[in-house]
Amino acid sequence: MPTTPTHAPLPLPDGQNKVLLHSCCAPCSGEVMEAMLASGVDYTIFFYNPNIHPRKEYDLRKDENIRFAEKSGIPFIDADYDRDNWFARARGMENEPERGIRCTMCFDMRFERTALYAHEHGFPVITSSLGISRWKNMQQINDCGARAAARYPGLAYWDYNWRKGGGSARMIEISKREAFYQQEYCGCAYSLRDTNLHRKATGRAPIRIGVQYYGPAEGDGE
């Protein structure tokens, strides 16, 4: 089990202590997981990310998350990889920019499934590790989370800012300590396409899936 740093008690909504944590990957969720462990929060990881493409990348991210969850003694829910539904919902948004309406759709889809599972299995609170990344629009994520939770009476979305108090820095420290797989794009087929186009324009080699891992000299991933 990882050594947990000292954290201030976490202010959960309505005095609750049971949380369903939507996790997008091990690097983003590592600090969130350790902070909740240190605060004695009763939580379960919910991995539902049908946006991740291709399947090899999806499996790498999921397996790293499972590895850390098992090491930490945290229950892990492996939800369906229904990427066909994701592509159907993304139709017409293929050329939208990052942080645009395609990302809103993607967050909505993932939070909707998270909220449904929480409602059906007695979790009063949902949250996500998505917002800890500096590459994401936190308000966009929180709006999607709150919208999904509002569908069910008694379900709250916890909009805690995981970046504050050094959270983003600890995210990188934990990733290096655990030698997590370091994804080099947000996750979907269109972000992979656009990242590789940018790399080509700047003279860099295309992304090689399954190659990059965090180490002592590695920087921030997506």
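The values are calculated or read from the model by the stated rules, or taken from the named source; none is laboratory data. Since the structure is predicted, the reported quantities are computational estimates derived from the model, not experimental observations. Positions of Cβ are generated from backbone atoms using ideal geometry, with glycine treated the same way; all protein chains shown enter the neighbour counts.
Yes/no matrix, rows are residues, columns are (1) over 23 Å from Leu20 (Cα atoms); (2) touching a strand residue (DSSP E or B) at 6+ places or on another chain (Cβ under 8 Å); (3) of a type outside the set (Val, Ile, Thr):
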position	(1), (2), (3)
His119	no, no, yes
Leu130	no, yes, yes
Arg134	no, no, yes
Ala148	no, yes, yes
Arg163	no, no, yes
Gly203	yes, no, yes
Query raised in the report: Within segment 134-221, which helices (runs of 4 or more DSSP H) (wholly inside it) include 3 or more residues that are without any contact (Cβ under 8 Å) to a residue 60 or more places away in the chain and within 17 Å of Glu57 (Cβ to Cβ)?
Result: 189-201
Query raised in the report: Scanning for something modelled with pLDDT under 95, buried (at least 21 other Cβ atoms within 10 Å of the Cβ) and not hydrophobic (A, V, I, L, M, F, W, C), does segment 142-156 turn up at least one residue?
Result: no
**Report entry** Lone unmet requirement of (1) buried (at least 20 other Cβ atoms within 10 Å of the Cβ); (2) out of contact with any Lys or Arg (no Cβ under 9 Å at 6 or more places or on another chain) for Lys164
**Finding:** (1)
Query raised in the report: When the residues of segment 45-71 are filtered to those that are of a type outside the set (A, V, I, L, M, F, W, C) and touching a Ser or Thr at 6+ places or on another chain (Cβ under 9 Å), which remaining residue is farthest from Thr127 (Cα to Cα)?
Result: His53
Requested in this report: Taking only segment 52-99 into account, find how many residues are touching a residue at least 24 places away in the same chain (Cβ under 8 Å), surrounded by 18 or more Cβ atoms within 10 Å (Cβ to Cβ) and charged (D, E, K, R).
Outcome: 4
